[in-house]
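S.K.: Got a structure here, written out as structure tokens. Questions coming.
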Amino acid sequence: MTLLGYLVVALFLPLFPISMLFNRLYARVGTLRARVFLLLVWPQLGLLVLAELPGQPPTWVVHWAVVTACFYAFRAVALRDLTLWIAYMATSAWSLLWAMALFAPGDMLLVLQALAFSAPFVLLAWLASRIELLFGAAYAGTCGGLGQTAPRLSVLLVFSILAAVGTPLFPGFFALLATTANLLPVLPGAALVMLTAWFLWAWAGAQMTRGLVVGPAADEPKPDLGLAATLPPGVLLAVLAVAGVTSLGYLT
Amino acid sequence: MDALVPLVFLVPLASALLTLTALQGLHRDSARISIVGAFATFLCASSLLGLALAGHTSDEIRFGTTWGVLLFDPLSSLMAFVVSGISLIVHVYSRRYMAEERGYATFFVLLDLMTAALLLMVTAGDLITLLIAWHLIGVLLYFLLGQDSTSHTAHRYAAWTLLTYRFGDLLLLLAAALLYHAFGTWSLHGIFEQVADAPDVRTLFGLPLVETVAGLVALSAFARSAQFLLHIWLPYTMSGPTPVSALMHAGIVNAGGFLINRFAPLFVHTDGVLHWIFVVGLVTAVIGSVLMLAQNDIKKALGYSTMGQMGFMIMECGVGAFSLAVYHLIAHGLFKGTLFLGAGGVISEAREDDGVPKDDLYTFVVERRSARQRQPWLLMAAVTLVVPVTILVLAHWLVAEDFFQKQGAVVLLFFGWVTGAQLIFSTYRMRTENIWRLMGMILFSFTIVVLGYTFISHAFDVFLYPDEAFRSQIYAAAGIDIFWFDTLVILMSLVVVFGWLVTYYTEQNGRRWKGALSTLWHGFYTLVSREFFVINAYARLSGFLVAAATRLNVLLRWS
């Protein structure tokens, strides 16, 4: 029964190869609302089931989870499609929740952490839909030069990517720092793999930023986001940074 | 003072926010706001340094229970003064230099944020604050280097910088996690106290904690200070704006030396780590200098020059001359900043006069001026050897009778000597009409260099590490057996003498090398001109990894 439970959790806190289901589903779902729903709810379902299971996840599962995180981070380095990138990076981040579940002082904190992980991807999903509207696809290299064409959109894009790859002061940084500090004495190998995943996130983030933001402006002028449309995501990013600084109670 | 320490990094932060607010309507005025902020920051930092010089005791200012601790001590106050000073100069310079650039106001916001991050780094009193600042510097540098959002080249190398920095960040994070696991606190002060009480603590896999952490800290410093194999980002990030290059070469790249100084209470308990640091610094200094000489692009030459200087700085840490490294990073920061900020003027002058020396025969026959002479070889070689000995004797007479016996003091003098020898080699190549004037200048400069290293670094030592016992501990940690120390000094002396002999041989026989020597020389030159193929190796590796990731994605049908 417990094994079945873990298999269910492995679907929502993705473990390779079950993780492929989420990625297929995310790529298939066409509407923004459905994607946002998936990004917000998917890991929460995993945490819900995990809370019902007795004891802590076995260490081999944690090892498997960090390897999954590293695997998807590595694969994200080669991606050019922003939508796929979001799915891979979300898979990579959520699988780390297995390791965090070992040490989180409470279930609520883990729920908040999962939300903090999902929030930048939600923003990115929204931005991807805007870029698709402008260019027909959110594809690095083909719709480059957003920095010139749509400066507001690119600022939001850059900050969302920074939040997604665990940059201070966003919550991902503090969560990963606390998890490393706790995981290192118990499972040093897993901690090192997690740090490798973190490094690969930065690489994947830099590749995507370069492909979308850098370059000469598009030949045809494209409409940028208005101030009213920029403000709510901007506020959300600021809230995330504040949540990070308060460390969500992790670093105690 | 409690208010002054946080102000040092809060003022540039506020300045960045104000500039950001003004970004919409104001263009030139955004720079003014930023410059006023930089000036106010400099005033705060100067006051802090004044307090430290007046002998105020070190203190911690706490903003949180777990982290958010700021430190007031001689090292933080001195570094804050240097960082804010260089930042102010760069701000003032950028006001007109960047006027025609796109994203003028954004540039000043980033500059302010970078200043804030650097000041947070130097005043950080706990590991988390230090890690935050350490990470943010890399991220902000990425955006400053990629200021021109149309340039793929600028962003490519900015990304290399980011990744090298991120590699170093994660090593520092690993060191922090090990320290937290061992001592249960993030506070630097608390950690150093506990390390002093129990330096023999073991960590994962039974490894000695102090050595392991010191090694990780050193590696992190190597990534930040462009040590060999982690250096490629430095010479290739010249596509960024000139003020950013100035700030990077004068301030950011020096952070490695600062980090090692910050962890000095840890390094004094290590055994052998400082020797490895010395070796890495030495290799970097030699390779950086050789690569600098082989460049035909002035900006890349400057990049490799910085690499060589950073190697020198790390080497100083490796021999226990920690405060000398701080003196070095300040001196290097000032002169390299001047070089970068003066680059525009040099280009302008070069348009008037290409600076290529005229042929001696032309000067003599057409211009009817006496041919310019080169200094006598033997005299220059003698100066290289005699001046340091004279100063050593003077130091023995003026400073301490047991000066000869102090390995640390001899180390300082040794660095002065090596630097001075470099200076004399450079000036020897100059030709002049008034040879006595140039000789006088050379003698004066050489004396200043050797004296500077010996006495100024002694002053830095006393200021940064007032506890004499601690100073001796640092040198003891770096100390080597007297036999090896003497061997090293003799070896370096022989290298200098050999350098002079080669110079003499070349002067007598021209640049003609024969037989196997010629082949060897050409092989070496090819290697150097291709920068030891390090950049190619990295490009291959990253290309291979991206291709492997793509294949995996295809194999797994992109899911």
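S.K.: Here is a list: B:Trp500, B:Trp558, B:Trp484. Which entry is over 27 Å from B:Leu230 (Cα atoms) and within 14 Å of chain A (Cβ to nearest Cβ)?
M.R.: Step by step, each of B:Trp500, B:Trp558, B:Trp484 is checked, and only B:Trp558 is over 27 Å from B:Leu230 (Cα atoms) and within 14 Å of chain A (Cβ to nearest Cβ).
S.K.: Of the conditions (1) more than 8 Å from every other protein chain (Cβ to nearest Cβ); (2) touching a helix residue (DSSP H, G or I) at 6+ places or on another chain (Cβ under 6 Å); (3) within 26 Å of B:Leu163 (Cβ to Cβ), A:Pro188 satisfies every one except a single condition; which number is it?
M.R.: Only one criterion is unmet by A:Pro188, namely (1).
S.K.: Same structure again: Of B:Arg557, B:Arg551, which residue is open to solvent by 50 Å² or more (accessible area, probe 1.4 Å), free of Cβ contacts under 8 Å to residues at least 24 places away in the same chain, within 30 Å of A:Phe199 (Cα to Cα) and not in a helix (DSSP H, G or I)? Give the steps one after another, and end with the answer.
M.R.: Values: B:Arg551 fails: not in a helix (DSSP H, G or I).
Answer to the selection: B:Arg557.
Table: residues versus (1) open to solvent by 30 Å² or more (accessible area, probe 1.4 Å); (2) among the acidic types (Asp, Glu).
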| residue | (1), (2) |
| --- | --- |
| B:Ser47 | yes, no |
| B:Leu51 | yes, no |
| B:Thr57 | yes, no |
| B:Gly64 | no, no |
| B:Asp73 | no, yes |
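S.K.: For a quick check of your reading of the model, give me the residue pairs whose first member lies in the range B:116-139 and is within 17 Å of B:Asp73 (Cβ to Cβ) and in contact (Cβ under 8 Å) with a residue 60 or more places away in the chain, whose second is in a helix (DSSP H, G or I) and of a type in the set (Ser, Thr, Tyr), with beta-carbon atoms closer than 6 Å and at least 6 apart or on different chains.
M.R.: Here the result reads B:Val122/B:Ser76; B:Thr123/B:Ser76, each pair linking the range B:116-139 to a residue that is in a helix (DSSP H, G or I) and of a type in the set (Ser, Thr, Tyr).
S.K.: Look at A:Leu240 and say whether it is within 12 Å of chain B (Cβ to nearest Cβ), closer than 14 Å to A:Ala164 by Cβ, of a type outside the set (Phe, Trp, Tyr) and open to solvent by less than 60 Å² (accessible area, probe 1.4 Å). Talk me through it step by step, then tell me what you get.
M.R.: Values: within 12 Å of chain B (Cβ to nearest Cβ): no; closer than 14 Å to A:Ala164 by Cβ: yes; of a type outside the set (Phe, Trp, Tyr): yes; open to solvent by less than 60 Å² (accessible area, probe 1.4 Å): yes.
Criteria not met by A:Leu240.
S.K.: In addition: Could you check, for the range B:539-547, whether at least one of its residues is surrounded by 10 or more Cβ atoms within 10 Å (Cβ to Cβ), modelled with pLDDT of 80 or more, away from chain A (no Cβ under 14 Å) and more than 30 Å from A:Leu200 (Cβ to Cβ)?
M.R.: no
S.K.: Pick from the range A:1-16 the residues that are assigned to a loop (DSSP other than H, G, I, E, B) and either under 25 Å from A:Ala128 (Cα atoms) or in contact with a helix residue (DSSP H, G or I) (Cβ under 9 Å, 6 or more places away or on another chain) (or both): which of them is nearest to the other protein chains (Cβ to nearest Cβ)?
M.R.: Once the filter is applied, the top-ranked residue is A:Phe16.
S.K.: For the range B:495-517, state whether one or more residues are at positive phi and either outside any helix (DSSP H, G or I) or surrounded by fewer than 16 Cβ atoms within 10 Å (Cβ to Cβ) (or both).
M.R.: yes
S.K.: Could I ask something else about it? Taking the condition more than 13 Å from chain A (Cβ to nearest Cβ), under 21 Å from B:Phe143 (Cβ atoms), open to solvent by 10 Å² or more (accessible area, probe 1.4 Å) and out of contact with any Phe, Trp or Tyr (no Cβ under 6 Å at 6 or more places or on another chain), does B:Met238 pass? Outline the logic, then answer.
M.R.: On the way: more than 13 Å from chain A (Cβ to nearest Cβ): yes; under 21 Å from B:Phe143 (Cβ atoms): yes; open to solvent by 10 Å² or more (accessible area, probe 1.4 Å): yes; out of contact with any Phe, Trp or Tyr (no Cβ under 6 Å at 6 or more places or on another chain): yes.
It is true that B:Met238 is more than 13 Å from chain A (Cβ to nearest Cβ), under 21 Å from B:Phe143 (Cβ atoms), open to solvent by 10 Å² or more (accessible area, probe 1.4 Å) and out of contact with any Phe, Trp or Tyr (no Cβ under 6 Å at 6 or more places or on another chain).
S.K.: Filter the range A:102-160 for residues that are in contact with a Cys (Cβ under 8 Å, 6 or more places away or on another chain) and outside any loop (DSSP other than H, G, I, E, B) and give the result.
M.R.: Once the filter is applied, which keeps residues that are in contact with a Cys (Cβ under 8 Å, 6 or more places away or on another chain) and outside any loop (DSSP other than H, G, I, E, B), the range A:102-160 yields A:Ile131, A:Leu134, A:Phe135.
S.K.: Give the residue, chosen from A:Leu177, A:Leu169, A:Leu115, A:Leu110, that is within 14 Å of chain B (Cβ to nearest Cβ), open to solvent by 10 Å² or more (accessible area, probe 1.4 Å) and either within 18 Å of the chain's Cα centre (by Cα) or at pLDDT 95 or above (or both).
M.R.: Just a single option satisfies the conditions, and that option is A:Leu169.
S.K.: Can we say A:Ala204 is touching a Ser or Thr at 6+ places or on another chain (Cβ under 6 Å), open to solvent by less than 50 Å² (accessible area, probe 1.4 Å) and either free of Cβ contacts under 8 Å to residues at least 12 places away in the same chain or outside any loop (DSSP other than H, G, I, E, B) (or both)?
M.R.: The answer is no for A:Ala204.
S.K.: Return the total of residues in the range A:23-58 being open to solvent by 70 Å² or more (accessible area, probe 1.4 Å), in contact with a helix residue (DSSP H, G or I) (Cβ under 8 Å, 6 or more places away or on another chain) and among the polar types (S, T, N, Q).
M.R.: Result for the range A:23-58: 1.
S.K.: Are any residues in the range B:94-136 open to solvent by 10 Å² or more (accessible area, probe 1.4 Å), more than 12 Å from chain A (Cβ to nearest Cβ) and not in a helix (DSSP H, G or I), and if so, which ones?
M.R.: Residues satisfying the conditions are B:Ala99, B:Glu100, B:Glu101.
S.K.: Now, a different point. Taking B:Ser151 and the conditions (1) buried (at least 23 other Cβ atoms within 10 Å of the Cβ); (2) at the interface with chain A (Cβ under 9 Å from one of its Cβ atoms); (3) hydroxyl-bearing (Ser, Thr, Tyr), which numbered condition does it fall short on, given that it satisfies the others?
M.R.: Answer for B:Ser151: the failing condition is (1).
S.K.: Return the pairs, sorted by first residue and then second, in which the second residue is open to solvent by 70 Å² or more (accessible area, probe 1.4 Å), the first residue lies in the range B:515-528 and is without any contact (Cβ under 8 Å) to a residue 60 or more places away in the chain, the beta carbons are less than 6 Å apart, and the residues are 6+ apart or on different chains.
M.R.: Partner pairs satisfying both residue conditions: B:Trp521/B:Trp513.
S.K.: What number of residues in the range B:178-214 are open to solvent by 40 Å² or more (accessible area, probe 1.4 Å), more than 14 Å from chain A (Cβ to nearest Cβ) and in a helix (DSSP H, G or I)?
M.R.: Counting residues in the range B:178-214 that are open to solvent by 40 Å² or more (accessible area, probe 1.4 Å), more than 14 Å from chain A (Cβ to nearest Cβ) and in a helix (DSSP H, G or I) gives 6.
S.K.: Looking at (1) more than 7 Å from every other protein chain (Cβ to nearest Cβ); (2) out of contact with any Gly (no Cβ under 7 Å at 6 or more places or on another chain); (3) of a type in the set (A, V, I, L, M, F, W, C), which is the only condition B:Leu145 fails?
M.R.: It fails just one condition, (2).
S.K.: Going by what's in this entry, would A:Leu192 be described as without any contact (Cβ under 8 Å) to a residue 40 or more places away in the chain and within 26 Å of A:Leu176 (Cα to Cα)?
M.R.: Yes: the conditions hold for A:Leu192.
S.K.: Tell me which residues, restricted to the range A:207-220, are at the interface with chain B (Cβ under 10 Å from one of its Cβ atoms), assigned to a loop (DSSP other than H, G, I, E, B) and not small (Gly, Ala, Ser).
M.R.: A:Val214, A:Pro216
S.K.: Only one of these is touching a Lys or Arg at 6+ places or on another chain (Cβ under 7 Å) and not assigned by TED's automatic domain parsing to the domain that holds B:His56: B:Asp467, B:Asp486, B:Asp461. Name it.
M.R.: Exactly one of B:Asp467, B:Asp486, B:Asp461 is touching a Lys or Arg at 6+ places or on another chain (Cβ under 7 Å) and not assigned by TED's automatic domain parsing to the domain that holds B:His56, namely B:Asp461.
The values are calculated or read from the model by the stated rules, or taken from the named source; none is laboratory data. Just so we're clear, the structure is a prediction, and the values are computed from it rather than from any experiment. We place every Cβ from the backbone using ideal geometry, glycine too, and count neighbours over all the protein chains shown. Accessible surface is based on the protein model in full, side chains and every heavy atom, while ligands, DNA and RNA are left aside. Shrake-Rupley method; radii C 1.70, N 1.55, O 1.52, S 1.80 Å.
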